[in-house]
């Protein structure tokens, strides 16, 4: 079930997020991944991926869960299959969007053949736009930035013809900081998207931010801290 705001033709989607590091869920803050510590949350006992995922989905009804495999993103390892399988078992019927630092078609195809979710291709892991174009709508694109710096090829950020139908505007410096989304960057992406669905990620605090993102034309938002801390339930 997705969350809808009255008067919107398509419902605004809240997509809970878990960040995996060494088999545990960690608390993300400002994109400083080396400093992420195992999460402490009222939604689960401990930091086991399946337990935290289930807690998030019990708190916020959603049909999709975003999983960032930080070991794969940072170190180039294969996706954490054991954790993903545990999450899938704990969350039947929920689609997984998985960012595992995909940079080559072979790695994406291996992941797709395992049936563990839909790959998210992060711009920060790309040298050019070829992988994004090759995958098309089989994948989700994440347009990554840190502060004013756009990560990855400029062509991915500027040329919406390369974007799949679902694209994330990921502002890493705002993740877990409670400083609010980057409304300007989201609005700019929506204006370029040509009807593609654009999702905000980073800084969402509560219903007021959801309302502003809806007004900006965003299709949804990726959220973690606001759910754990009670701003969105």
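The combined condition, being at positive phi and buried (at least 20 other Cβ atoms within 10 Å of the Cβ), is not fulfilled by residue 76. Looking at 146, 118 in this structure, which one is within 19 Å of residue 198 (Cα to Cα) and at pLDDT below 95? Exactly one residue qualifies, and that residue is 146.
Do any helices (runs of 4 or more DSSP H) lying entirely in the stretch 123-207 carry at least 2 residues that are touching a helix residue (DSSP H, G or I) at 6+ places or on another chain (Cβ under 8 Å) and more than 30 Å from residue 229 (Cα to Cα), and which ones are they?
130-135, 154-158
Within the set 43, 20, the sole residue that is surrounded by 19 or more Cβ atoms within 10 Å (Cβ to Cβ), modelled with pLDDT of 95 or more and outside any loop (DSSP other than H, G, I, E, B) turns out to be 20.
Can you tell which of 67, 52, 98, 26 is under 19 Å from residue 203 (Cα atoms) and modelled with pLDDT of 95 or more?
On the way: 52 fails: under 19 Å from residue 203 (Cα atoms); 98 fails: under 19 Å from residue 203 (Cα atoms); 26 fails: modelled with pLDDT of 95 or more.
Selected residue: 67, the only one of 67, 52, 98, 26 that is under 19 Å from residue 203 (Cα atoms) and modelled with pLDDT of 95 or more.
The set of residues in the stretch 74-95 that are at pLDDT 95 or above and in contact with a strand residue (DSSP E or B) (Cβ under 9 Å, 6 or more places away or on another chain) comprises 79, 80, 83, 84, 87, 88, 91, 94, 95.
The values are calculated or read from the model by the stated rules, or taken from the named source; none is laboratory data. The structure presented is a predicted model; accordingly, all values stated were derived computationally and were not measured. Cβ coordinates were reconstructed from backbone atoms using ideal geometry, including for glycine residues, and neighbour counts include every protein chain displayed.
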